Amino acid sequence: AGLGVVDAKLKLTANKLLYRTLATGKITIDATLKNGKLDATLSQIALYGGKAKGRLILNGAGKVPAVQMTLDAKGFDGLRLLKDYAGLDRFEGVAGATLNLSGRGRSQQELVSSLNGTASFSFANGVVRGIDIEAMVKAVGTNILTGWRQGPDAKTPFDALGAGFTVVNGIATTNDLNFASPVLSVSGGGLVDLPRQSLNLKVNPTLTLAAAQTVDLVGLAVPIIVKG
């Protein structure tokens, strides 16, 4: 309702924008507020070593508030952003993401349940922290008996990690989840149910490299269900 109080045209610049634990660098926003509708263009965002741009439209003029958002971010430090935003510290790499979503609702639950659009993410030239898959494969017989002995210093390098999503009524579906490394390739898909905060994915890891004593494992695929 506050959007209808005033009409305005604004140009905002800041050295930093904070959202919970996520922080941007320099940011420029051009915004128009008229008849209860806010149209804000984020034309320049410095984001964890990369750049981003986006647009946010908040429409409070109708009986049911509506939102539209787009974001195109490239070249940012995926480890730093995920650690600040979600507390995740497993993935290093140069990352990118896109969003093109719209929804409407009188509450957060209604809004999330109505989201439609597309989204994607990608990592390149990265590392999975906490596990060394090549070392595990080379000593698979010993590891089964004594434990995998993975830890914070273990790493698995990868070339690419990414997925594209189609979002309908708050449910994001993907069929092109992929991970490529010299040791392992993973393909798969499934859905992420945003309103219910649950997911159901099926991925197919395939070994692409193994030591001589485990050469029979090369090409072996073991489907994995990720659900909960």
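The values are calculated or read from the model by the stated rules, or taken from the named source; none is laboratory data. Keep in mind that what you see is a predicted model, and the values were worked out from it rather than measured. Virtual Cβ from ideal backbone geometry, glycine too; neighbours counted across all protein chains shown. Surface accessibility is based on the protein's heavy atoms, side chains included, excluding ligands, DNA and RNA. Shrake-Rupley method; radii C 1.70, N 1.55, O 1.52, S 1.80 Å.
Observations, loosely collected:
- Qualifying residue in the range 23-35 (condition: closer than 15 Å to SER102 by Cβ and either assigned to a strand (DSSP E or B) or charged (D, E, K, R) (or both)): no
- Residues considered: VAL6, VAL94. Of these, the only one that is in a strand (DSSP E or B), among the β-branched types (Val, Ile, Thr) and open to solvent by 60 Å² or more (accessible area, probe 1.4 Å) is VAL94.
- The single condition from (1) farther than 25 Å from SER114 by Cβ; (2) in contact with a helix residue (DSSP H, G or I) (Cβ under 7 Å, 6 or more places away or on another chain); (3) open to solvent by 50 Å² or more (accessible area, probe 1.4 Å) that TYR48 fails is (3).
- Of all residues in the range 61-90, those that are in contact (Cβ under 8 Å) with a residue 60 or more places away in the chain and acidic (Asp, Glu) have Cβ atoms under 7 Å from Cβ atoms of residues that are open to solvent by less than 40 Å² (accessible area, probe 1.4 Å) and not in a helix (DSSP H, G or I), 6 or more apart or on another chain, in ASP84/LEU22; ASP84/ALA23.
- Residue in the range 163-176 that is at pLDDT below 95 and buried (at least 18 other Cβ atoms within 10 Å of the Cβ) present: no
- Considering (1) crowded, with 18+ Cβ neighbours inside 10 Å; (2) modelled with pLDDT of 95 or more, the lone condition that LEU82 does not fulfil carries the number (2).
- Applying the condition of being in contact with a Lys or Arg (Cβ under 9 Å, 6 or more places away or on another chain) and in a strand (DSSP E or B) to the range 203-226 and asking which residue is modelled with the lowest pLDDT yields ILE224.
- Condition met for LEU99 (under 23 Å from LEU17 (Cβ atoms) and modelled with pLDDT of 95 or more): yes
- Yes/no for LEU12 being open to solvent by 40 Å² or more (accessible area, probe 1.4 Å) and over 27 Å from GLY130 (Cα atoms): yes
- Filtering the range 51-61 to residues that are in contact with a Leu (Cβ under 6 Å, 6 or more places away or on another chain), of a type in the set (A, V, I, L, M) and either loosely packed, with under 13 Cβ neighbours inside 10 Å or within 29 Å of LEU79 (Cβ to Cβ) (or both) leaves nothing.
- If you go through the range 15-36 and keep only what is open to solvent by 90 Å² or more (accessible area, probe 1.4 Å) and either basic (Lys, Arg) or at positive phi (or both), you end up with LYS16, ARG20, LYS26, LYS34, ASN35.
- Any hit, the range 61-71, residues being at positive phi, assigned to a strand (DSSP E or B), of a type outside the set (Val, Ile, Thr) and modelled with pLDDT of 95 or more: no
- Scan of the range 101-134 for residues that are open to solvent by 50 Å² or more (accessible area, probe 1.4 Å) and part of a strand (DSSP E or B), ordered by number: ARG104, ASN116, THR118, PHE121, SER122, ASN125, ARG129
- For beta carbons closer than 9 Å, sequence separation of 6+ or different chains, a first residue in the range 17-38 that is of a type in the set (Phe, Trp, Tyr) and a second that is outside any strand (DSSP E or B), the qualifying pairs are TYR19/TYR85.
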